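Following: one structure in C-alpha cells, then a few remarks.
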Amino acid sequence: MFLCRNAARAFGDSAPPIPGGWLPVEIPCLAMVTPSWVLQCLGQGTAAVGLLRCEEKDCRFGERSGLEGSVDYCRALLAEMGLSREAVQLFDSGVPEEPSPLGGGLPVAGANGAGAKTHVDFSPLGAGGALLKLAARHSPPPELLLTHPHSPFGMIEVLAGCTVCGACASACPAGAQAIERDEEGVSLAFTASSCVGCAGCLEVCPENIMELEKSTDLLALREEKRTLFSDTMPRCENCGEPIAPQAMLDRIGSILEDHPAFAALSKRCIECRKTMF
Ligand code: SF4
Ligand code: SF4
C-alpha cells in the first residue's frame with residue numbers, strides 16, 4: 001500500500017489505519033507511483049497494490065488526474081491479461097482488511113523466481129521487464145494490445161520519407177532507437193520494450209514522418225528489436241567508403257535540383273569530395 005505523506009499525517013501521531021494484510025509504504029507524493037512501479041510490484045509476486053491518497057484540499061501538487069490515469073491503465077491492463085482489475089486500487093479512505101488478489105494463483109516460493117531475493121528497478125525503463133515477468137507468470141493472450149494515454153510504453157511508426165538521418169536515435173533518452181550499418185546498407189532499429197513514449201524523437205525528426213501510439217503491445221515487447229526503415233548506402237567512386245543513405249541523397253537532390261555540387265556530393269564521400277575542386 002503506497003500512501004502519501006499527507007495521507008499519513010492526516011492521522012496525527014497515531015499510525016494510519018492500514019489493515020494488517022497490507023504492507024504500508026509511505027512516500028512523499030503518490031504522483032511518484034508510475035505504472036512501472038505497480039508492474040514492478042506485481043511482476044515480483046505482490047498480490048495487490050493499493051494507493052491511499054490524501055484529501056483533495058491537502059494535495060500540494062495537483063497530480064490527482066495523472067494518478068487516476070495511471071491506476072486506470074494498470075486496471076485495464078490486468079483485465080486484458082485475464083486477471084482481477086481489483087488488484088490495483090486507489091483509496092481515499094476505507095482500506096479493506098485484505099487486498100483483493102491478482103488472481104491466477106498467488107506466487108509460490110521458488111516458482112518463476114518468486115520468493116527469491118529480487119531486484120526491483122523503479123525507473124520507467126523497468127516497466128518492460130516487469131510486464132514480461134508478470135506475463136511469464138500469468139500467461140495472458142500472446143497478442144495482448146492495449147492503447148491507453150497512460151501506457152508507459154510507446155510504439156513508433158515511420159512513414160514514407162525517412163532519410164535515415166539518425167536525429168531520432170540521437171534524441172531518444174531511452175536508447176529505444178538506433179542506426180545500424182552493415183555491408184548491405186543502413187537501417188533504423190526500434191526496441192519497443194525500451195520506448196517510454198516521451199515523443200522526443202517526433203520533435204526532432206526533420207521530415208516530420210514519425211507517429212507515436214501510447215500502447216502496450218505484448219508481441220512487440222517480446223521482440224528483441226524491429227526495423228522501422230532500411231536503405232542502401234551508395235559508395236564513393238574514388239575510395240569505396242559509404243557516402244550517405246540513398247534516401248538522403250535523393251532528398252538533397254530534390255532540394256538542389258540541377259545544382260552542379262550535387263553531382264560531386266552523390267558520387268564521392270566527404271573526404272574525397274575535398275580533392276575534387
Ligand atoms: S525517422 Fe526522421 S529523424 Fe529518424 S532517421 Fe528518419 S528522417 Fe531522421
Ligand atoms: S517516444 Fe521517446 S523513448 Fe520512444 S523512441 Fe521516441 S524518443 Fe525514444
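The values are calculated or read from the model by the stated rules, or taken from the named source; none is laboratory data. Small disclaimer: the values here were computed from a predicted structure and weren't measured. Every residue, glycine among them, receives a Cβ derived from its backbone with ideal geometry; neighbour counts consider all protein chains shown. Just the protein is used for accessible areas: all its heavy atoms, side chains included, with ligands, DNA and RNA removed. Shrake-Rupley method; radii C 1.70, N 1.55, O 1.52, S 1.80 Å.
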Handout entry: Matching residues in the stretch 199-229 - criterion: being outside any helix (DSSP H, G or I) and closer than 28 Å to residue 82 by Cα
Key = 212, 213, 214, 215, 216, 217, 223, 224, 225, 226
Completion exercise
residue 151 meets each of (1) away from ligand 2 (no atom under 15 Å from the Cβ); (2) within 28 Å of residue 80 (Cα to Cα) with one exception, condition (1)
Fill in the blank from the handout: Residue count, the stretch 193-213, condition within 9 Å of ligand 2 (Cβ to nearest atom) and in contact (Cβ under 8 Å) with a residue 40 or more places away in the chain, comes to 9
Practice task
Kindly check whether there is at least one residue in the stretch 257-276 that is more than 30 Å from residue 73 (Cβ to Cβ) and either in contact (Cβ under 8 Å) with a residue 40 or more places away in the chain or within 16 Å of ligand 1 (Cβ to nearest atom) (or both).
Solution key: no
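Condition check ((1) open to solvent by less than 20 Å² (accessible area, probe 1.4 Å); (2) farther than 26 Å from residue 250 by Cβ) across all residues:
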position: 156; (1), (2): yes, no
position: 162; (1), (2): yes, no
position: 165; (1), (2): no, no
position: 173; (1), (2): no, yes
position: 179; (1), (2): no, no
position: 188; (1), (2): yes, no
position: 191; (1), (2): no, yes
position: 194; (1), (2): no, yes
Handout entry: Pairs with Cβ under 6 Å, 6+ apart, first in the stretch 158-170 and within 14 Å of ligand 2 (Cβ to nearest atom), second in a helix (DSSP H, G or I) and open to solvent by less than 20 Å² (accessible area, probe 1.4 Å)
Key = 168/201
Exercise for the section: Scan the stretch 64-81 and give yes if some residue there is open to solvent by 30 Å² or more (accessible area, probe 1.4 Å), in a helix (DSSP H, G or I), at pLDDT 85 or above and of a type in the set (A, V, I, L, M, F, W, C), otherwise no. Expected result: yes
